[in-house]
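Comments concern the structure below.
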Amino acid sequence: KVLILDFGSQYTQLIARRIRELQVYCEIHPYLMPLEQIEAFAPRGIILSGGPRSVYEPGAPLVSREVLELGPPVLGICYGLQLLNHILGGKVSPAASREYGRKNFTISDHQDLFAGLSPHESVWMSHGDHIDEIAPGLEIIGSSDTCPAGAVRDQRRRIFGVQFHPEVKHTPNGGKILANFLFGICGLQPLWNMRSFVEATTQALRQKIGTERVICALSGGVDSSVTAVLLHRAIGDRLTCIFVNNGVLRQGEAEKVVRLFRENYRLNLVYVDASKSFLKLLEGIVDPEEKRRRIGREFIRVFAEEAGKLGQVKYLAQGTLYPDVIESVSFKGPSATIKTHHNVGGLPEVMPLELIEPLRELFKDEVREVGSELGLPEEMIWRHPFPGPGLAIRILGEVTPERLAILRQADAIVLEEMKAAGFYRQVWQAFAVLLPIKTVGVMGDERTYENVIALRVVDSTDAMTADWSRLPYDLLARLANRIINEVKHVNRVVYDISSKPPSTIEWE
Ligand code: XMP
């Protein structure tokens with residue numbers, strides 16, 4: 001396995017994903033990881049990430065020289081390269097001009113890191129500092145016109161560094177460089193894949209759980225579904241899943257989930273239809289955060305009540321993923337709460353159960369692959385994210401049964417048409433929002449005064465940033481026509497063309 005020490009680059013997670021794609025297991029840890037912990041981790045290779053700081057400024061994030069001389073090969077990327085040059089006695093200073101974007105890179109040595117590459121490669125640069133004087137023991141193996149020490153190496157100590165970013169797609173042969181480091185230099189084997197993950201995790205779960213029982217909150221989303229099926233594979237009937245219908249699910253959603261898990265998987269599933277109590281609590285509530293709080297609280301209450309009926313249970317399983325676990329280094333300080341997400345996150349605090357998180361090492365794309373290995377239907381694996389507070393935060397203003405019915409119908413049309421046009425899998429999320437205003441229209445000879453539906457369709461890779469999807473006009477036209485013609489009490493459809501930031505994906 002490989003250790004990635006994080007110095008705060010926006011690309012650190014990308015390094016990890018590239019390495020996993022090459023079927024090598026890796027973990028990201030803050031650069032402050034103590035030496036004994038690094039030794040205990042026993043990495044076969046160490047990568048120093050990029051970062052926003054300068055190695056020469058006071059208080060810059062550094063690692064000790066021992067880390068470089070621990071034994072496993074080291075690869076420094078961007079700030080990581082400058083850092084190792086600095087530690088080994090070289091000099092780093094601000095470059096005459098910031099180098100940003102695609103650059104031509106000349107490779108002067110093809111023995112190890114750059115084996116199999118051309119003399120000239122296109123690479124992605126993003127830096128303000130560069131190596132001014134190279135440290136003793138290092139030699140230059142590549143350069144660009146503005147960056148003479150663009151790649152360095154110490155063959156004896158097996159220390160390597162590149163100024164560019166091999167982990168981004170804009171460096172077309174970046175994957176080859178990482179592969180050379182992992183397989184050629186570190187001597188690793190490509191053994192990490194989702195089939196072996198499923199096998200190993202099933203065994204480990206069996207061993208850990210023994211004859212105890214586990215409960216799991218199933219939402220029908222990818223993460224909780226994969227968690228449930230994986231546990232079911234490991235311990236069968238000693239897993240009980242609880243699926244709570246909170247009254248603000250999509251059309252037909254509850255029935256679909258119940259059918260899939262009861263009939264196809266024969267999973268022990270408790271279905272609780274708590275729609276009435278949730279809708280009662282939402283009466284008269286218009287504030288989005290208050291909606292979230294009430295739904296979150298009621299969910300925990302219902303879940304705990306059902307769990308209480310099951311008798312002796314030791315574990316609670318959750319579909320936590322790796323991005324939630326990584327303790328990334330951020331130099332921006334704590335960020336403000338924009339929206340209180342992860343409304344089921346409060347479960348472990350109120351329930352005296354031990355947590356089991358079988359997916360906590362995985363990225364989302366890996367979870368999808370595990371789902372595939374476990375035979376989950378495509379439809380489930382590629383499902384868009386759906387917020388815990390569901391349609392309640394897509395009905396602006398008060399949530400009523402009438403308004404829910406309108407939104408459900410419109411939303412179902414959106415999904416149906418997106419899938420039919422082959423766009424569902426291309427976008428991050430696609431949904432309808434019911435606005436709290438009415439507008440005038442004309443139907444036949446009659447004046448109408450009815451509701452407005454907003455369409456929200458976005459492209460994104462992680463929901464942190466997003467842009468509105470440039471859907472074909474005829475698809476947009478079909479969506480609008482069908483919604484206005486088929487959904488009673490809607491006479492207008494608008495398309496949201498805001499990006500995140502400054503907007504958010506959801507409207508509430
Ligand atoms: P925003 O609206 O903040 O959404 O751009 C980012 C992503 O998070 C989802 N989302 C939620 N998920 N509970 C959830 O479980 C919530 O309260 C919640 N609010 C937003 C949203 O659908 C998008 O994928």
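Given only helices, namely DSSP H runs of n ≥ 4 each adding -39500 (n - 2.57), what is the per-residue ellipticity at 222 nm of the chain, to the nearest 500 deg cm²/dmol?
Details: 16 runs with 158 residues, N = 508.
When only DSSP H runs of four or more count, the value is -9000 deg cm²/dmol.
Work from the charge dipole of the chain (Cβ charges, +1 for Lys and Arg, -1 for Asp and Glu, about the Cα centre) and give the residue of THR400, VAL2, LEU191 farthest towards its positive end.
The residue sitting farthest along the positive end of the dipole is THR400.
Points 7 angstrom from Cα along the Cβ direction at ASN104 and GLU398: gap in nanometres?
That separation, rounded to one decimal, is 6.9 nm.
Over the Cα atoms of the chain, what radius of gyration and what Dmax do you get, in Å?
26.4, 86
Rounded to the nearest 0.05, what FRET efficiency do VAL286 and ASP474 give with R0 = 30 Å and r taken as the Cβ-Cβ distance? Could you check?
Numbers: r = 36 Å, r/R0 = 1.20.
For R0 = 30 Å, the calculated efficiency reads 0.25.
Under a Cβ-only charge scheme (Lys and Arg +1, Asp and Glu -1), can you give me the dipole magnitude of the chain about the Cα centre, in debye to the nearest 20?
It works out to roughly 760 debye.
About its Cα centre, how strong a charge dipole does the stretch 39-127 have in debye, to the nearest 20, once Lys and Arg get +1 and Asp and Glu get -1 at the Cβ?
The dipole magnitude comes to about 300 debye.
With just the Cα atoms defining each centre, how far is the stretch 476-508 from the stretch 392-471? Give it in Å.
4 Å
Kindly give Rg over Rh for the stretch 400-495, based on alpha-carbon atoms, with the Kirkwood expression for the hydrodynamic radius.
Values: Rg = 13.9 Å, Rh = 13.9 Å.
Rounded to two decimals, Rg/Rh equals 1.00.
Only Lys, Arg, Asp and Glu count, each charged at its Cβ (+1, +1, -1, -1), so figure out the dipole size of the stretch 99-227 about its Cα centre, rounded to 20 debye.
In debye, rounded to 20, the stretch 99-227 gives about 680.
From the cross-link list LYS438/LYS488; LYS291/LYS488; LYS256/LYS419, which pairs have alpha carbons spaced over 23 Å apart?
LYS291/LYS488
Beta carbons within 10 angstrom, averaged per residue: use that to sort the peptides 151-158, 422-429, highest first.
151-158, 422-429
Each label point is 7 Å from the Cα along the Cα-to-Cβ direction; what then is the distance between the points at ASP237 and GLU379, in nm?
Each label point lies 7 Å from its Cα, and together they span 2.9 nm.
For the pair ALA96 and ARG447, how long in nm is the line joining their label points, each one 7 Å along Cα→Cβ?
Those two pseudo-labels are separated by 7.2 nm.
Once the convex hull of the alpha carbons of the stretch 2-185 is built, what does its volume come to per residue, in cubic angstrom?
In the stretch 2-185, the Cα hull volume divided by residue count equals 99 Å³.
Of VAL442, GLY71, TYR25, which is farthest towards the positive pole of the chain's charge dipole, taken about the Cα centre with +1 and -1 on the beta-carbons of Lys, Arg and Asp, Glu respectively?
VAL442
All of the numbers you see were taken from the coordinates with simple rules; none came from a lab. Owing to the predicted nature of the structure, the values given are computational and were not obtained by experimental measurement. No Cβ is skipped: glycine too gets one built from the backbone with ideal geometry, and neighbour counts run over all protein chains shown.
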